[in-house]
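Colleague: Pasting a structure here, questions to come.
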Amino acid sequence: WQYYAPWDQSTTEGALTFGATHICVTAGLSWATMAYSSPSFTEAHHLIKQDTKSCTIFKKPYLGCWEQLPEEDMLAIRARTPTSTGMARVLTTEDKWTKEELEIDRTQWPLLESSFGISPSGMQNAHQYLADHLGVVVEENLKGQCRKDHSCSEGIKKKLKKILYHSNMWKNKYDVVHVIQTSVDSEMSAHVLDHFNFDSLEAQTTYEFLWIIRLKEMEESEEIEELLTSKIVGKSPLNVLVVKSDQSSNVEFRNHQAIDDITEETLLYGELEMLQDYHKAAQNRTRPKRHMSSCGSSD
């Protein structure tokens, strides 16, 4: 079940499609082994049929093989929604779906109630709940990506942020564009950043802000650059730009002069497209209140 339906942006139920038939149904999976045997089973349970021999052709079952009971193909419903950790096939576009998949979607809905006891109204309620809480769901997923034992993949973070910020207009639910600008000009400011700023900002209830960190030229620049990237890449869910620049953040963010120093050549981490989207969203905003601190400012 897909939360999104590529051919219907206003869907109230999502879309149905078939998954790969070689993938094992995780629920109800059991390994049976002979006493004192040492079978070699694949640890990738979703690839058992692909990576393990079938017992129908392999005559040494004590070495490990698979058998499906009953023999008929089995079905399970797997949800592809923004709650997904891996986000595989969650964001779909119309050009990635075939006419055959569209036909499957139109004809397979009756299976839900007859085979799985899932009513159309129940599916619509589930879809509506996700729609009503989408922002909270995606933010929680984004925060969870960078917790212990998770990959914090840059690609997955980008997919989640694409959902969170509609139409690439990076403003929050209060129609406010929030930008934090920090200048790192000494080992002391880098120490504060390392031991305070990251933890403080990652503990916020929302990540609907852009954080621009400017690293000024100094003797320890290379070490501090390594420190910053080690705190961000694969670890932080924040929207961050790290820039090599001596420019201060005294100009209001909406003005072009505020971002003139951020180019492909000076950018150490982040995406210029995200910066440009934030800057575009900041146009025609009311005059911002400006908060200054020893190591940064907030527009």
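Colleague: Could you tell me which of the pairs LYS162/LYS231; LYS244/LYS280; LYS158/LYS235; LYS99/LYS157; LYS49/LYS158 are separated by over 24 angstrom between their Cα atoms in the structure shown?
Modeller: LYS99/LYS157; LYS49/LYS158
Colleague: Now for a different question. Taking the mean number of other Cβ atoms within 10 Å as a proxy for protection, how do you rank 186-193, 238-245 from highest to lowest?
Modeller: By packing density, highest mean first, the sequence is 238-245, 186-193.
Colleague: On a full-extension model of 0.36 nm per residue, what is the gain between LEU111 and ALA79, subtracting their alpha-carbon distance, rounded to one decimal in nm?
Modeller: So the chain would gain 10.0 nm between LEU111 and ALA79.
Colleague: With labels modelled as points extended 7 Å from the Cα through the Cβ direction, what inter-label distance (nm, one decimal) is found for SER119 paired with GLN283?
Modeller: Each label point lies 7 Å from its Cα, and together they span 5.0 nm.
Colleague: Can you work out ³J(HN,Hα) from phi for every residue in segment 107-115, in order, using Karplus 6.51 cos²θ - 1.76 cosθ + 1.60 and θ = phi - 60°, giving whole Hz and x for Gly and Pro?
Modeller: 9, 9, 4, x, 4, 4, 7, 6, 9
Values in this text are rule-based calculations from the coordinates and carry no lab data. This structure is a prediction, so every number in the text was calculated from the model and none was measured. Positions of Cβ are backbone-derived with ideal geometry, glycine not excepted, and every protein chain shown enters the neighbour counts.
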